[in-house]
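Enquirer: If you scroll down you'll find the structure; I have some questions about it.
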Amino acid sequence: MIAAYGGYDKGGNTSIIFDDHDSYKWSGGSECETDSWGYFTATGQEISYIKRDRDLGQTFLFSGKTPKTLTAITVSTGYGSNVVRPNTYQKPVSIQLYEVAGEPILNDNGSDPTTEAFHGFPHNRPGGEIAPLRDDYFTGETYTPLAVFSGAVFPGKTSFGFVDETVPVPPGHPSLKGRLLRFELPADKPVVLRPGKRYAFLIMLDKRGAECGFTLANNFIGNYAGGHGIRRDGNGVFPPAAADPTKPFDHPANARAYESAHFPADFRQRIAIPPGTNGYPDVCAWRDLTFYVEAN
């Protein structure tokens, strides 16, 4: 093991999402489906946007004294109420690797105890307490792609101890929680880690589908000293383009908002979008995934 973090929260549904079901992030009235709050301007105006596709990952430090070849990365499913969505089983999964240059510079997004956060869980600003750190994000880092490994599949239901693949499984079933997902990397395409360098991984569902997504265990306030959580959200532009929740998702007035919410259809364009910690509705600047990195 050359890098690891074993902490996790006992709840929460921080998820990898590639779902074809659209909803507005909006607390106001709409004939279309809405899902909690949008984001806010400094003057308190709420801005609606469309729920965004998401990949999740982590930066980490290789502190060894000699170069080593990366052999495996392991993460864990989470402990919340929506751990594995019903159509995620046996879907193709990929992992993307980066070398990270620079140092993270914290941006507080203009929020402080007098304003509360402008976006982030629990999505109730104004009208309830939401800590200012909930919309903090990092700048200052550059992510150089090293490799993308495809061909993995999310485990089937029998791997979680269920009788067969046809049995209905509630997304928060206890057997889904805290289960390790290990990515063994091919030896014929070595990724060499060099001492003192930072690296990162992003885990992604390859194809959009109905009710597709799964959680990753994490500490929202982690204490891993060698890195931090990362994500790729929608088209990678922050904040998301504003949407008009009074009109359908496919209305021309929502063209920019829809593009903002979704990964490009071309997989190569998708993986060209760099990670950003300034995700919506939540951020990963303070987050650390449960993860284990192996090398030899």
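Enquirer: Could you give every pair whose Cβ atoms fall below 6 Å, whose first residue belongs to the range 79-103 and is more than 29 Å from Thr139 (Cα to Cα), and whose second residue is at pLDDT below 95 and outside any loop (DSSP other than H, G, I, E, B), counting only separations of at least 6 or pairs across chains?
Expert: Asn87/Gly209
Enquirer: Would you call Ile105 modelled with pLDDT of 95 or more, aliphatic (A, V, I, L, M), out of contact with any helix residue (DSSP H, G or I) (no Cβ under 7 Å at 6 or more places or on another chain) and open to solvent by 20 Å² or more (accessible area, probe 1.4 Å)?
Expert: yes
Enquirer: While we're here: Is it true that some residue in the range 126-145 is under 30 Å from Asp35 (Cβ atoms), modelled with pLDDT of 95 or more and loosely packed, with under 11 Cβ neighbours inside 10 Å?
Expert: no
Enquirer: Residues Asp164, Asp206, Asp188: which one is among the charged types (D, E, K, R) and under 24 Å from Ala295 (Cβ atoms)?
Expert: From the options Asp164, Asp206, Asp188, the qualifying one is Asp188.
Enquirer: Hey, another quick one. Enumerate the strands (runs of 3 or more DSSP E) found wholly within the range 168-283, keeping only those where 1 or more residues are of a type in the set (Lys, Arg) and open to solvent by 60 Å² or more (accessible area, probe 1.4 Å).
Expert: In the range 168-283, 180-184 are the strands (runs of 3 or more DSSP E) which contain 1 or more residues that are of a type in the set (Lys, Arg) and open to solvent by 60 Å² or more (accessible area, probe 1.4 Å).
Enquirer: Looking at Ala285, Ala257, Ala241, Ala253, can you tell me which residue is under 16 Å from the mean Cα position of the chain (by Cα), among the hydrophobic types (A, V, I, L, M, F, W, C) and over 16 Å from Ile17 (Cα atoms)?
Expert: None of the other options fit; the residue is Ala285.
Enquirer: Would you confirm, using the coordinates I've provided, whether Tyr39 is farther than 27 Å from Gly178 by Cα and modelled with pLDDT under 95?
Expert: So Tyr39 passes the test.
Enquirer: Find all pairs meeting these conditions: Cβ atoms under 9 angstrom apart; at least six residues apart or on different chains; first residue within the range 1-23 and free of Cβ contacts under 8 Å to residues at least 40 places away in the same chain; second residue open to solvent by less than 50 Å² (accessible area, probe 1.4 Å) and aliphatic (A, V, I, L, M).
Expert: Short answer, once both residue conditions are applied: Ser23/Ile50.
Enquirer: Of all residues in the range 14-31, which are surrounded by 18 or more Cβ atoms within 10 Å (Cβ to Cβ) and either within 29 Å of Leu180 (Cα to Cα) or hydrophobic (A, V, I, L, M, F, W, C) (or both)?
Expert: Passing the criteria: Thr14, Ser15, Ile16, Ile17, Phe18, Asp19, Trp26.
Enquirer: Residues of the range 284-296 being of a type in the set (Asp, Glu) and crowded, with 23+ Cβ neighbours inside 10 Å, which ones?
Expert: Residue satisfying the conditions is Asp288 alone.
Enquirer: Which count do you get for residues in the range 73-103 that are more than 22 Å from Glu165 (Cα to Cα) and among the basic types (Lys, Arg)?
Expert: Residues meeting the conditions: 0.
Enquirer: Here's something else I'd like to know. Which of the residues spanning the range 42-79 are crowded, with 19+ Cβ neighbours inside 10 Å and of a type in the set (Gly, Ala, Ser)?
Expert: Once the filter is applied, which keeps residues that are crowded, with 19+ Cβ neighbours inside 10 Å and of a type in the set (Gly, Ala, Ser), the range 42-79 yields Ser48, Gly57, Ser76, Gly78.
Enquirer: Is it true that some residue in the range 111-122 is assigned to a strand (DSSP E or B), open to solvent by less than 20 Å² (accessible area, probe 1.4 Å) and touching a Phe, Trp or Tyr at 6+ places or on another chain (Cβ under 7 Å)?
Expert: For the range 111-122, residues assigned to a strand (DSSP E or B), open to solvent by less than 20 Å² (accessible area, probe 1.4 Å) and touching a Phe, Trp or Tyr at 6+ places or on another chain (Cβ under 7 Å): absent.
Enquirer: While we're here: Name every residue in the range 223-270 that is farther than 30 Å from Pro104 by Cα and not hydrophobic (A, V, I, L, M, F, W, C), in order of residue number.
Expert: Residues satisfying the conditions are Asp244, Pro245, Thr246, Lys247, Pro248, Asp250, His251, Pro252, Asn254.
Enquirer: How many residues does the range 53-101 contain that are of a type in the set (Gly, Ala, Ser) and closer than 15 Å to Arg179 by Cα?
Expert: 4
The values are calculated or read from the model by the stated rules, or taken from the named source; none is laboratory data. Since this is a predicted model, take the numbers as computed values, not measurements. Please note: Cβ atoms are built from the backbone with ideal geometry, for glycine as well, and neighbour counts cover all protein chains shown. All accessible areas refer to the heavy atoms of the entire protein, side chains included, with ligands and DNA or RNA removed. Shrake-Rupley method; radii C 1.70, N 1.55, O 1.52, S 1.80 Å.
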